[in-house]
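Colleague: Take a look at this one; I'll ask things after.
The values are calculated or read from the model by the stated rules, or taken from the named source; none is laboratory data. If you're wondering where the values come from, they're calculated on a predicted model, not measured in any experiment. A quick note on method: Cβ atoms are made from the backbone with ideal geometry, for glycine too, and the neighbour counts reach across all protein chains shown. Heads up: the accessible areas ignore ligands, DNA and RNA and are worked out on the full protein's heavy atoms, side chains in. Shrake-Rupley method; radii C 1.70, N 1.55, O 1.52, S 1.80 Å.
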Amino acid sequence: MKKHIYIYSPSSAVRDKASFKRGIKRLEALDYEVEVDEAALAAHQRFAGDDETRLAAIHRAAASGADVALTTRGGYGLTRLLPGINYKAIAKAISKGTQFVGLSDFTAFQMALLAKTGALTWAGPALGEDFGAEAGADDIMQACFDDLVTGQGEGSGWQLPRHAPDSIANGAETNGGRKHGEYTIKDAMLWGGNLAMLTSLVGTPYLPAVKGGILFIEDVGEHPYRVERMLAQLLQAGILAQQKAIIFGQFSNYQLVPHDKGYKLASVVAWLQSQVKARVLTGLPFGHVATKVLLPVGQHVTLAVEGRDAFLLWGHQH
């Protein structure tokens, strides 16, 4: 029996119809049964339909019985829907086997659901930018997605960068310049996602209070000083002090300027390491980049580091 993928649009309107169509064709070519929500291509201002339309789409996704509910794209729009979401219905759908997958703006939905119900979601691809990419879907992303759908995924590994060039997307020193060493953090909740979305939820009932967790972060188009400013807010709100590890994913598509005078993303990592007791790691292949792993948000995991090799392990989900 084919695995059932439900495509819906809870955030920004789909403007790139070509990538939307390519994404559906690629999923069908991978032998998935693809069901497209009736409002997937709706548009109202910058949104994929007005608030009621997008709320209804989320609830249809929950009622679809699909193996995976996959967003078309991120952008913006979920934050304003958070008070109206039926979290119990979403959690019930997840308990029956529907996996909710997305990134970027989707972080708001994931955090709210985790705060309200403790239900597990997945940080992963979107239809358009990933499956619909003009250059083709990334092999690693596709393999991780297949692992999720088939229930085979047990973890992800990556190599910690050795040097600290301008962008963590190209690698950066971890632990404030200290050697990586070997250590294991067991039974810690993995949570996080897009840094701007996480920061926007501070002080609301939609940010889960995670103690002893492993926080992963990523963002796109944010200058390092803006990244630091957001991290400073999380730090000063007392959130970072409660984590056992903070993992930088990919911070992509930003421009350094002459005024920076050597201040770069690696500077932010070093500053953060000086402020927290938590382990700070970099290089996680997740974010607004083609090569991305899938991560179980709300799952208790093990983080193991051996030299430059890092592993997030969670075992079978089914």
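Colleague: Find the residue count for the stretch 7-27, including only residues that are open to solvent by 10 Å² or more (accessible area, probe 1.4 Å) and closer than 18 Å to SER64 by Cα.
Modeller: 1
Colleague: Further question on the same structure: What's the total number of residues in the stretch 180-236 that are at pLDDT 95 or above, out of contact with any Leu (no Cβ under 8 Å at 6 or more places or on another chain) and among the small types (Gly, Ala, Ser)?
Modeller: 7
Colleague: So is GLY65 modelled with pLDDT under 95 and at positive phi or not?
Modeller: Details: modelled with pLDDT under 95: no; at positive phi: yes.
Against the criterion (modelled with pLDDT under 95 and at positive phi), GLY65 does not qualify.
Colleague: Which residue out of PHE286, PHE311 is touching a residue at least 60 places away in the same chain (Cβ under 8 Å), aromatic (Phe, Trp, Tyr) and surrounded by fewer than 17 Cβ atoms within 10 Å (Cβ to Cβ)? Steps first, please.
Modeller: Details: PHE286 fails: surrounded by fewer than 17 Cβ atoms within 10 Å (Cβ to Cβ).
Being touching a residue at least 60 places away in the same chain (Cβ under 8 Å), aromatic (Phe, Trp, Tyr) and surrounded by fewer than 17 Cβ atoms within 10 Å (Cβ to Cβ) holds for just one of PHE286, PHE311, which is PHE311.
Colleague: What are the pairs with Cβ atoms under 7 angstrom where one residue, in the stretch 1-16, is touching a residue at least 40 places away in the same chain (Cβ under 8 Å) and assigned to a strand (DSSP E or B) and the other, located anywhere, is of a type in the set (D, E, K, R) and open to solvent by less than 20 Å² (accessible area, probe 1.4 Å)? Sequence gap at least six, or different chains.
Modeller: Cβ pairs passing all conditions: TYR6/ASP37; ILE7/ASP37; TYR8/ASP37.
Colleague: How many of the residues making up the stretch 28-54 are out of contact with any helix residue (DSSP H, G or I) (no Cβ under 8 Å at 6 or more places or on another chain) and either surrounded by 19 or more Cβ atoms within 10 Å (Cβ to Cβ) or over 23 Å from VAL220 (Cβ atoms) (or both)? Before you say what the answer is, go through the steps one by one.
Modeller: Let us first name the residues in the stretch 28-54 that are out of contact with any helix residue (DSSP H, G or I) (no Cβ under 8 Å at 6 or more places or on another chain), namely 28-29, 31, 33, 35, 43, 45-46, 50, 52-53.
With the extra rule that they be either surrounded by 19 or more Cβ atoms within 10 Å (Cβ to Cβ) or over 23 Å from VAL220 (Cβ atoms) (or both), the set shrinks to 28-29, 31, 33, 35, 50, 52-53.
Counting residues in the stretch 28-54 that are out of contact with any helix residue (DSSP H, G or I) (no Cβ under 8 Å at 6 or more places or on another chain) and either surrounded by 19 or more Cβ atoms within 10 Å (Cβ to Cβ) or over 23 Å from VAL220 (Cβ atoms) (or both) gives 8.
Colleague: Let me ask you something else. Do you know which of the residues in the stretch 238-267 that are touching a helix residue (DSSP H, G or I) at 6+ places or on another chain (Cβ under 9 Å) and part of a loop (DSSP other than H, G, I, E, B) is most open to solvent (accessible area, probe 1.4 Å)?
Modeller: ASN253
Colleague: Okay, next question. Scan the stretch 208-216 and tell me whether some residue there is within 19 Å of the chain's Cα centre (by Cα), among the small types (Gly, Ala, Ser) and closer than 16 Å to TRP158 by Cα.
Modeller: no
Colleague: Right, another one. Identify, by number, the condition in (1) assigned to a helix (DSSP H, G or I); (2) open to solvent by 20 Å² or more (accessible area, probe 1.4 Å); (3) not hydroxyl-bearing (Ser, Thr, Tyr) that ALA57 doesn't meet.
Modeller: (2)
Colleague: Of the residues that sit in the stretch 94-117 and are assigned to a helix (DSSP H, G or I) and open to solvent by less than 10 Å² (accessible area, probe 1.4 Å), which one is nearest to SER12 (Cα to Cα)?
Modeller: The selected residue is PHE106.
Colleague: So in the stretch 151-164, with the set limited to residues that are in a loop (DSSP other than H, G, I, E, B) and open to solvent by 50 Å² or more (accessible area, probe 1.4 Å), which one is modelled with the lowest pLDDT?
Modeller: Going residue by residue through the stretch 151-164, those that are in a loop (DSSP other than H, G, I, E, B) are 151-154, 160-164.
After this cut, where a residue has to be open to solvent by 50 Å² or more (accessible area, probe 1.4 Å) as well, the list is 152, 154, 162-163.
Details: GLN152: 90, GLU154: 94, ARG162: 84, HIS163: 62.
Among those that are in a loop (DSSP other than H, G, I, E, B) and open to solvent by 50 Å² or more (accessible area, probe 1.4 Å), it is HIS163.
Colleague: Which residues, taken from the stretch 76-93, are crowded, with 21+ Cβ neighbours inside 10 Å and in contact (Cβ under 8 Å) with a residue 40 or more places away in the chain?
Modeller: GLY77, LEU78
Colleague: Give just the number: which of (1) surrounded by fewer than 19 Cβ atoms within 10 Å (Cβ to Cβ); (2) touching a residue at least 24 places away in the same chain (Cβ under 8 Å) does ALA278 not satisfy?
Modeller: (1)
Colleague: Something else now. Counting only residues that are touching a residue at least 60 places away in the same chain (Cβ under 8 Å) and of a type in the set (D, E, K, R), which one in the stretch 185-235 is most open to solvent (accessible area, probe 1.4 Å)?
Modeller: By that ranking, first place goes to LYS186.
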